[in-house]
1. Looking at (1) in contact with a Phe, Trp or Tyr (Cβ under 6 Å, 6 or more places away or on another chain); (2) closer than 30 Å to residue 60 by Cβ; (3) not in a strand (DSSP E or B), which is the only condition residue 245 fails?
2. Please go through the stretch 143-174 and pick out each residue that is of a type in the set (Val, Ile, Thr) and modelled with pLDDT under 90.
3. Specify which of the listed residues (157, 163) is under 13 Å from residue 136 (Cα atoms), in the same structural domain as residue 126 (by TED's automatic domain parsing) and loosely packed, with under 15 Cβ neighbours inside 10 Å.
4. Kindly provide the set of residues from the stretch 167-192 that are surrounded by 14 or more Cβ atoms within 10 Å (Cβ to Cβ), under 18 Å from residue 142 (Cβ atoms) and among the hydrophobic types (A, V, I, L, M, F, W, C), ordered by number.
5. Restricting attention to the stretch 331-360, which residues are out of contact with any strand residue (DSSP E or B) (no Cβ under 7 Å at 6 or more places or on another chain) and surrounded by 13 or more Cβ atoms within 10 Å (Cβ to Cβ)?
6. Write out, first by first residue and then by second, each pair whose Cβ atoms fall under 7 Å of each other, whose residues are 6+ apart or on separate chains, and whose first residue, in the stretch 342-356, is over 18 Å from residue 325 (Cα atoms) while the second is among the β-branched types (Val, Ile, Thr) and part of a strand (DSSP E or B).
7. Yes or no: the stretch 211-233 includes at least one residue that is touching a Ser or Thr at 6+ places or on another chain (Cβ under 6 Å) and closer than 30 Å to residue 279 by Cα.
8. For residue 193, all conditions in the list (1) of a type in the set (D, E, K, R); (2) not in a strand (DSSP E or B); (3) not assigned by TED's automatic domain parsing to the domain that holds residue 110 hold save one; what is the number of the exception?
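The values are calculated or read from the model by the stated rules, or taken from the named source; none is laboratory data. Remember, it's a predicted structure, so these values are computed and weren't measured experimentally. Positions of Cβ are backbone-derived with ideal geometry, glycine not excepted, and every protein chain shown enters the neighbour counts.
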Amino acid sequence: MLRKKFFAIVIFSMGIRMLLVSGCAYAKPKNLEDDLYHQIEIFSDAITAIQHDYVETVPSKDIIYGALKGMLSALDPYSQFMDPDTFKELQVETEGEFGGLGIEITIRDNLLTIITPLDGTPADKAGLQAQDRIVKIEDKITRDMPLTEAVKLLRGKPGTDVKLTIMRESEESFKEITVTRDIIEIKAVRKAELLKDNIGYIKLTDFSEKTKSDLDLALEKLAKNGMDSLIFDLRNNPGGLLISSVETVSEFLPTGKLIVYTKGREQNQNIEYRATGKTDFKNIPLIVMINGGSASASEIVAGAIQDHKRGIILGTKSFGKGSVQTVIPLRDGSALRLTTAKYYTPLGRTINEIGIIPDVSVKVELPREKKEAKKEKNIFDKMEKDTNNNKNNEGNKLPVGIETEGETTPDKKMEEKKEEKDEEEEFIRDDNQLRAAINLMNGIKIYNSLQKTN
């Protein structure tokens with residue numbers, strides 16, 4: 001009886017409120033849904049209901065933090081609320097040594113998604129791929145898991161393992177992959193080599209403060225060795241500093257050319273970035289390679305080169321991360337990481353959620369070893385195969401101690417040179433996209449030489 005009376009009072013009081021609101025026509029906003037104060041009333045009502053009627057007592061701070069996390073995550077995959085501890089981790093390095101996997105992650109289609117595994121890192125060696133969806137970290141399901149919590153679970157002491165359950169579009173079943181954490185050291189220029197026919201090849205893995213100096217050294221070294229064209233590999237490069245991408249494009253565009261601009265709601269967020277500085281590489285034939293792991297700063301570079309028709313973009317569609325995040329501290333030590341602007345290419349194309357479409361589309365073809373591995377039905381087939389291979393190779397081992405340590409014979413020198421050549425040929429042979437780029441570059445050079453003679 002008492003409960004019925006309570007509900008009657010609540011309904012009666014709500015009725016009075018409704019009558020007051022409807023009776024004050026002059027105070028009613030034109031668009032009630034967009035009226036902030038009205039929405040805050042709803043928010044306040046929800047908090048009051050939780051405090052009074054929820055089955056357990058919940059601290060006010062937990063309610064507000066939970067609401068802020070939900071509110072920011074509802075905006076876009078990159079906006080987020082950071083509690084004071086998370087914000088401190090972002091601001092300063094934590095004491096002690098922490099290991100990582102070497103992956104860039106984001107939320108896409110409400111799933112924890114790998115943007116790219118960085119070359120040579122534990123994630124790369126373990127076989128993780130761009131666009132893999134992380135379904136579980138150890139035994140924790142990642143559904144609705146904030147990025148900050150995922151990062152905490154993935155980080156740990158170097159040498160420790162973390163088990164990931166992966167969903168991959170090209171495969172029908174889930175896959176469990178164990179990755180051993182390590183200290184991640186990223187070199188901006190991963191590889192810089194002169195290929196046959198004087199084609200230069202640079203693999204760039206990061207856009208950081210050191211990228212410009214490392215890239216300058218690589219370009220100068222290749223130029224001294226006779227480079228007359230360049231394949232610039234940005235595959236699986238997750239991006240980095242905006243200014244670094246601008247400095248990179250400036251190597252290949254005339255001074256003053258528009259590279260990228262940002263546009264937001266506030267006037268101070270509308271900024272243009274143009275090519276600066278003088279280099280000797282503004283006219284060199286250029287091919288830029290991208291794939292689904294190329295994001296952010298990589299897409300700025302590819303977009304600028306494409307819009308100015310400065311080179312050819314080859315590979316597969318890039319990731320599509322073209323937004324600017326600003327960190328806004330709050331009074332209690334927490335902070336908002338808020339998307340405040342978007343990137344646009346020189347011709348006004350948006351990168352966000354769309355990516356850069358290559359001029360020449362070349363899908364990835366698995367190397368021979370991976371093709372063979374894919375044919376194996378399960379892990380037991382692979383274990384049996386490895387065991388048999390080890391047994392067969394035991395009889396072929398050379399006796400230990402035949403060669404004196406440090407001694408190099410003429411035959412050994414020839415073998416070392418042959419190994420280096422074989423290694424170079426193998427890294428090209430197993431990369432069908434790079435082979436396509438080399439063939440295309442040779443075609444461009446032939447065409448250019450014909451144009452000059454005419």
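1. Every condition holds for residue 245 apart from (2).
2. 148, 151
3. 163
4. 167, 177, 179
5. Passing the criteria: 349, 353, 354, 355, 357.
6. Listed by first residue and then by second, the contacts come to 346/259; 356/290; 356/313.
7. Yes, because at least one residue in the stretch 211-233 is touching a Ser or Thr at 6+ places or on another chain (Cβ under 6 Å) and closer than 30 Å to residue 279 by Cα.
8. That leaves (2) as the condition not met.
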